[in-house]
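Each remark here refers to the structure printed beneath this line.
The values are calculated or read from the model by the stated rules, or taken from the named source; none is laboratory data. In this text the structure is predicted, and so the values were computed from the model without any measurement. Neighbour counts run over all protein chains shown; Cβ positions are idealised from the backbone, glycine included.
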Amino acid sequence: RKYTIPYEELGPEKLKELIYAFYRRVDKHPLLRPLFPDDLSETARKQIQFQTQYLGGPNLFTEEHGHPMMKARHLPFRITQDHAQAWLECMSEAMDEVGLEGKFREVYYKRLVLTAHHMVNTQVVDE
Ligand code: HEM
């Protein structure tokens, strides 16, 4: 069964802080940066909408953009295990920056680990 993490525990302000802290890192990340548009403000806005509903809050993303279909929305980008790892590192550091801790952080982060690995659509094979 899919369980949700109470959105109320985080709240809209803290979520915004978290996502901005996350994209400040993406903006500087050598592996991630090239995948994203120059201006990350629209990306951050969509991510805030998505995380709101991912955490069990109002369905802001779906209301504006339709069914999330996250794996499908990521198919235009070649996402490897290294990208997933980098994404998660940026998120973990952002969580540190805004002071997320305890059980809430642990459960939230674990769920993001699963989702991030689900987005991997490109395998790198060493020759
Ligand atoms: C969009 C990369 C994981 C949620 C995007 C975009 C890129 C990207 C390049 C397009 C940005 C834009 O055009 O504005 C990645 C990479 C990941 C990853 C490299 C590594 C695994 C995740 C995860 C989540 C997520 C784990 C959610 C938990 C989103 C959302 C959007 C998005 C909500 C906006 C979709 C839309 O344009 O409608 N991602 N992503 N991504 N990503 Fe990811």
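Restricting Ile19, Ile48, Ile79 to those that are part of a loop (DSSP other than H, G, I, E, B), aliphatic (A, V, I, L, M), touching a residue at least 24 places away in the same chain (Cβ under 8 Å) and surrounded by 14 or more Cβ atoms within 10 Å (Cβ to Cβ) reduces the list to Ile79. Note on the range 90-109: among residues that are under 12 Å from the mean Cα position of the chain (by Cα) and without any contact (Cβ under 8 Å) to a residue 60 or more places away in the chain, the one that is farthest from Glu17 (Cα to Cα) is Tyr109.
If you scan the range 114-127, which residues turn out to be assigned to a helix (DSSP H, G or I) and buried (at least 16 other Cβ atoms within 10 Å of the Cβ)? Break it down stepwise before answering.
Step one: filter the range 114-127 for residues assigned to a helix (DSSP H, G or I), giving 114-118.
Within the range 114-127, just Ala116 meets the criteria.
Of all residues in the range 89-104, those satisfying the criterion of being at pLDDT 95 or above and either acidic (Asp, Glu) or assigned to a helix (DSSP H, G or I) (or both) are Glu89, Cys90, Met91, Ser92, Glu93, Ala94, Met95, Asp96, Glu97, Val98.
Quickly run through the range 1-16 and pick out the residues that are at pLDDT 75 or above and not in a helix (DSSP H, G or I).
Within the range 1-16, Pro6, Leu10, Gly11 qualify.
Annotation note: of Ala86, Ala72, the sole residue that is part of a helix (DSSP H, G or I) and either within 22 Å of Gly11 (Cα to Cα) or free of Cβ contacts under 8 Å to residues at least 24 places away in the same chain (or both) is Ala72.
Remark: pairs (first residue in the range 111-127, within 12 Å of Gln85 (Cβ to Cβ); second residue near the ligand (Cβ under 6 Å from one of its atoms) and among the aromatic types (Phe, Trp, Tyr); Cβ separation under 7 Å; 6+ apart in sequence or on different chains) = Ala116/Trp87. The set of residues in the range 6-16 being crowded, with 17+ Cβ neighbours inside 10 Å and over 13 Å from the mean Cα position of the chain (by Cα) consists of Tyr7, Leu10.
Residues of the range 22-34 that are part of a helix (DSSP H, G or I), closer than 16 Å to Ile79 by Cβ and over 14 Å from the mean Cα position of the chain (by Cα): Arg33, Pro34. Per the listing Arg78, Arg73, Arg45, the residue uniquely near the ligand (Cβ under 10 Å from one of its atoms), more than 12 Å from Met119 (Cβ to Cβ) and charged (D, E, K, R) is Arg45. Here Leu40 meets each of (1) more than 10 Å from the ligand (Cβ to nearest atom); (2) modelled with pLDDT of 95 or more with one exception, condition (1).
Considering only the range 50-70, state which residues are of a type in the set (S, T, N, Q) and in contact with a Leu (Cβ under 7 Å, 6 or more places away or on another chain). First the steps, then the outcome.
Filtering the range 50-70 down to residues of a type in the set (S, T, N, Q) leaves 51-53, 59, 62.
Result: Gln51, Thr52, Gln53.
Note on the range 48-70: among residues that are of a type in the set (A, V, I, L, M) and over 11 Å from the mean Cα position of the chain (by Cα), the one that is nearest to Leu112 (Cα to Cα) is Leu55.
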